[in-house]
Amino acid sequence: MAGGIATLAIFIVIIFIAVMFILSFVPVGLWISALAAGVKIGIFTLIGMRLRKVKPKRVVEPLIKARKAGIDVTTNQLESHYLAGGNVDRVIDALIAAQRADINLTFERCAAIDLAGRDVLEAVQMSVNPKVIETPFITGVAMNGIEVKAKARITVRANIDRLVGGAGEDTIVARVGEGIVSTIGSSKHHTVVLENPDLISKTVLDKGLDSGTAFEILSIDIADVDIGKNIGADLQTEQAVADKNIAQAKAEERRAMAVAEEQEMRARVQEMHAKVVESESKVPLAFAKALEEGNITVSEYYDLKNVEADTKMRDSINKMTDPTKYNEEE
């Protein structure tokens, strides 16, 4: 008797473990929820999802949501999108939002947008409710050299057809900034921009800056305009300083050349003086040779010496009577 009870208890435990294993592997509760929502999905289909490493909840719940919204999608479509790494729930939400907004959006395009890395639900919402992108202060210089700073608000709407492969918000901001700089630069006077800021908006809009992007520009509004530095005056000042430095450098070069030339002339004077001294040193030798050879007499020699002495005496007297002249000569 006791052995039979033990065997029965073991059998019950085994059955309980088997049932718990089946319930953990087979999503019976999810299958019942689908049936209650009117979505026909086989239990073996759910088991197949488990075997293909697909979480049945990630597929069945979006499928129920889609069927309730009247969107015709199949289990295979949702399962393949999940296996491709997409967000099934976000795709279904985007399809529902597009259907309510009367936007023609198929599951295939919606899945492609999601797999491309864009938030497809946000794109659909932006198609219904446009987004405002505010640019930083963009600086341009008018023809009169005055710097003008402008800030713009760009109202854009998502273009569903160009979401795949279309440029993003950064491209829109860059193109609008280029248009603002170009418009300011073509203005003859900065007051023209201050008086008519809408001129910037009209010019930029006419350029079709949203081509090739994932957005459609609805309007460009200039939010703020400010005056910056006088670039023209700064450039002229810098040019004047540069010209002054060049002139100073050239003047210094001429001064250095003059000093060098003066030193060269002094060196030449000293050289000539040395030659004179050298020549004077040869005079006594010449006199001695002339006396020896009898070309001059002793009396003639002394006459020359007397003339030389008289000359030195007159020079000394002149120095004493007219020192100013002597100083000038020196």
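The values are calculated or read from the model by the stated rules, or taken from the named source; none is laboratory data. Because the structure is a prediction, the values reported are computed rather than measured. Using ideal geometry, Cβ is built from the backbone for each residue, glycine included, and neighbour counts are taken over all protein chains shown. Just so you know, the surface numbers come from the protein's heavy atoms only, side chains and all, with ligands and any DNA or RNA stripped out. Shrake-Rupley method; radii C 1.70, N 1.55, O 1.52, S 1.80 Å.
Values computed for the structure shown
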quantity: Residue match in the stretch 153-166 (condition: under 23 Å from the mean Cα position of the chain (by Cα), of a type outside the set (Asp, Glu) and surrounded by 21 or more Cβ atoms within 10 Å (Cβ to Cβ)); calculated: yes
quantity: Complete set of residues in the stretch 205-227 that are within 19 Å of Val156 (Cβ to Cβ), touching a helix residue (DSSP H, G or I) at 6+ places or on another chain (Cβ under 8 Å) and modelled with pLDDT of 80 or more; calculated: Gly212, Thr213, Ala214, Phe215, Ile217, Ser219, Ile220, Asp221, Ile222
quantity: Unique residue being assigned to a helix (DSSP H, G or I), at pLDDT 85 or above and within 30 Å of Lys229 (Cβ to Cβ) when the list is Glu178, Glu147, Glu122; calculated: Glu178
quantity: Answer residue from the stretch 187-233, given it is assigned to a strand (DSSP E or B) and hydroxyl-bearing (Ser, Thr, Tyr) and is least open to solvent (accessible area, probe 1.4 Å) among those; calculated: Thr213
quantity: Residues (crowded, with 17+ Cβ neighbours inside 10 Å and not charged (D, E, K, R)) located in the stretch 134-152; calculated: Thr135, Ile138, Thr139, Gly140, Val141, Ala142, Ile146, Val148, Ala150, Ala152
quantity: Residues (on the phi > 0 side of the Ramachandran plot and touching a Gly at 6+ places or on another chain (Cβ under 6 Å)) located in the stretch 137-167; calculated: Gly145
quantity: Filter result (assigned to a helix (DSSP H, G or I), within 37 Å of the chain's Cα centre (by Cα) and surrounded by fewer than 20 Cβ atoms within 10 Å (Cβ to Cβ)) within the stretch 83-99; calculated: Arg90
quantity: Criterion (more than 60 Å from the chain's Cα centre (by Cα) and at pLDDT 80 or above) met by exactly one of Ala290, Ala267, Ala286; calculated: Ala267
quantity: Qualifying residue in the stretch 173-184 (condition: under 23 Å from the mean Cα position of the chain (by Cα), over 28 Å from Asp119 (Cα atoms) and among the polar types (S, T, N, Q)); calculated: yes
quantity: Residues (surrounded by fewer than 16 Cβ atoms within 10 Å (Cβ to Cβ) and not in a helix (DSSP H, G or I)) located in the stretch 38-57; calculated: Gly38, Lys40, Gly42, Arg52, Lys53, Lys55
quantity: Residues located in the stretch 282-295, provided they are open to solvent by less than 70 Å² (accessible area, probe 1.4 Å) and part of a helix (DSSP H, G or I); calculated: Val283, Ala286, Phe287, Ala288, Ala290, Leu291
quantity: Extreme residue, nearest to Gly85 (Cα to Cα), among residues of the stretch 100-123 that are surrounded by 16 or more Cβ atoms within 10 Å (Cβ to Cβ) and of a type in the set (Lys, Arg); calculated: Arg118
quantity: Flag if Asn129 is open to solvent by 30 Å² or more (accessible area, probe 1.4 Å), without any contact (Cβ under 8 Å) to a residue 12 or more places away in the chain, out of contact with any helix residue (DSSP H, G or I) (no Cβ under 6 Å at 6 or more places or on another chain) and over 26 Å from Asn104 (Cβ atoms); calculated: no
